[in-house]
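Enquirer: My structure is below; once you've seen it, I'll send some questions.
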Amino acid sequence: MALVIGLAMAAWWDRPTLKAPGMVFALVLLLGMEGGQFHTYRENLYKTQTAYSSSEYGLIKAVRLVTNPEDVVVAHSPGWSSNIAYYTHRRMLIIPDSQMFHHENLVNENLKLLEGEAVPLLLVMDESHDQAQWITARIDELGLWPVPLFNWSNRVSAYARLDRLMEMQTALRNEPSIDVKLGGIPSVAGADKWTQVEVPKEGTEWAKFSLFPLYRVLPFGFQINTYEGQPTMLAHATTELYFARPAGATEVDLSYVINPVCYESKDFDGVLVMVDTVSATGKLTATLMQWESPQALDQSMRNLTLKLPDTDDERLLLRALPGPRDNNAYD
């Protein structure tokens, strides 16, 4: 801006000695630079200045829709602002990143004050998404589902308390005009990504398993190891294994464990373990939805007996999915 003003003043001062083409060049230069700055302002700063000047945008509408007036909303944000609380008419605990970096103990004290309050929603904003350990800590403390309820403008992710999840999802589906993107469990891979597994031959590693997969989706490969004397498949999330449902089976045993070294990394963001039955038409019926937190104190092997639904579903689907940051490097 100073350069443009300087050029304009110099051209004006020397106007008696400047020829017409020089004056025209200076004018065009001035108009071009001013036009460019105005365009940049309109596309960037102006949108920031006016984005929260009303309550009629997707994030505000969505938060107001899925929460009750007596609820409290918790938010992680790079900075602090009362806009969302003001326009949604909801009480909020907004945690700036700087407080987490320098005064995490004080943040924890403030979170304890929420005991007895209804806290059904967590908002994670902008650069706060990079701190997986904060998100998973709030998921554990507040009883949230680790898959976002919705995302807004690629800037904000909302996580819902598990006992309110279905209610909130239904409310948002019934209001498609609200400008948010509904979250959800990643859909299973298409058949074009399946790898058929040959029937294991006697003496091979797969033959040690009581069930072996018909198809597998293992983008990061796998290994067959031994853990506590048992044959174990080692794989990264995302993993999908499709098994034939044994005829007449009413339950299935599942044992799995998170590699202990995962818990040593601050970037480990947990694993979601799911088991579904799959019908001939591809419909899924949930049998297990288990969140394994990176803050888990019990890191031992899980030994589960799952009751299978009374359906004609022909297959079982086992999935291991990465946590909120979609980071599978340590799963």
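Enquirer: Restricting attention to segment 172-192, report how many residues are assigned to a helix (DSSP H, G or I), at pLDDT 70 or above and surrounded by fewer than 16 Cβ atoms within 10 Å (Cβ to Cβ). Write out each step before concluding.
Expert: Narrowing segment 172-192 to residues assigned to a helix (DSSP H, G or I): 172-173, 191-192.
Next, only the ones that are at pLDDT 70 or above stay: 172-173.
Cutting the leftovers down to surrounded by fewer than 16 Cβ atoms within 10 Å (Cβ to Cβ) gives us 173.
Of the residues in that region, 1 qualify.
Enquirer: In addition: Taking only segment 289-331 into account, find how many residues are modelled with pLDDT of 85 or more, surrounded by 14 or more Cβ atoms within 10 Å (Cβ to Cβ) and more than 28 Å from the chain's Cα centre (by Cα).
Expert: Of the residues in that region, 2 qualify.
Enquirer: From (1) modelled with pLDDT under 80; (2) loosely packed, with under 14 Cβ neighbours inside 10 Å; (3) more than 30 Å from residue 165 (Cα to Cα); (4) not polar (S, T, N, Q), pick out the condition that doesn't hold for residue 209.
Expert: Failed condition: (2).
Enquirer: Restricting attention to segment 311-330, report how many residues are in contact (Cβ under 8 Å) with a residue 60 or more places away in the chain and either over 21 Å from residue 131 (Cβ atoms) or not in a loop (DSSP other than H, G, I, E, B) (or both). Let's see the steps before the verdict.
Expert: We begin by selecting, within segment 311-330, every residue in contact (Cβ under 8 Å) with a residue 60 or more places away in the chain; these are 313-325, 327-330.
From what's left, either over 21 Å from residue 131 (Cβ atoms) or not in a loop (DSSP other than H, G, I, E, B) (or both): 313-322.
Residues that pass the stated criteria total 10.
Enquirer: Across segment 78-98, what is the total count of residues that are of a type in the set (Gly, Ala, Ser) and surrounded by 19 or more Cβ atoms within 10 Å (Cβ to Cβ)? Walk me through it before giving the result.
Expert: At the first step, the residues of segment 78-98 found to be of a type in the set (Gly, Ala, Ser) are 79, 81-82, 85, 98.
Filter again for surrounded by 19 or more Cβ atoms within 10 Å (Cβ to Cβ), leaving none.
Matching residues across segment 78-98 total 0.
Enquirer: Which residues, counting only those in segment 242-283, are in contact with an Asp or Glu (Cβ under 8 Å, 6 or more places away or on another chain) and not in a loop (DSSP other than H, G, I, E, B)?
Expert: 244, 262, 271, 272, 273, 277, 278
Enquirer: Please state which one of 243, 268, 220 is more than 20 Å from residue 301 (Cβ to Cβ), within 30 Å of the chain's Cα centre (by Cα) and modelled with pLDDT of 80 or more. Working first, answer last.
Expert: On the way: 243 fails: more than 20 Å from residue 301 (Cβ to Cβ); 268 fails: more than 20 Å from residue 301 (Cβ to Cβ).
Sole residue among the options that is more than 20 Å from residue 301 (Cβ to Cβ), within 30 Å of the chain's Cα centre (by Cα) and modelled with pLDDT of 80 or more: 220.
Enquirer: Something else: Does residue 123 meet the test of being touching a Leu at 6+ places or on another chain (Cβ under 7 Å) and in the same structural domain as residue 74 (by TED's automatic domain parsing)?
Expert: On the way: touching a Leu at 6+ places or on another chain (Cβ under 7 Å): no; in the same structural domain as residue 74 (by TED's automatic domain parsing): yes.
No.
Enquirer: Of everything in segment 210-257, what is touching a strand residue (DSSP E or B) at 6+ places or on another chain (Cβ under 8 Å), farther than 27 Å from residue 268 by Cβ and of a type in the set (A, V, I, L, M, F, W, C)? Give them in sequence order.
Expert: Hits for segment 210-257 are 211, 212, 214, 243, 244, 252.
Enquirer: Can you give me the ranges of the strands (runs of 3 or more DSSP E) entirely in segment 65-171 with at least 2 residues that are without any contact (Cβ under 8 Å) to a residue 60 or more places away in the chain and over 14 Å from residue 324 (Cβ atoms)?
Expert: On the way: elements: 72-77, 91-96, 121-125, 150-152, 156-160.
Where strands (runs of 3 or more DSSP E) fall fully within segment 65-171 and carry at least 2 residues being without any contact (Cβ under 8 Å) to a residue 60 or more places away in the chain and over 14 Å from residue 324 (Cβ atoms), they are 72-77, 91-96.
The values are calculated or read from the model by the stated rules, or taken from the named source; none is laboratory data. Just so we're clear, the structure is a prediction, and the values are computed from it rather than from any experiment. As a convention, Cβ positions derive from the backbone with ideal geometry for all residues, glycine included, and neighbour counts pool all protein chains shown.
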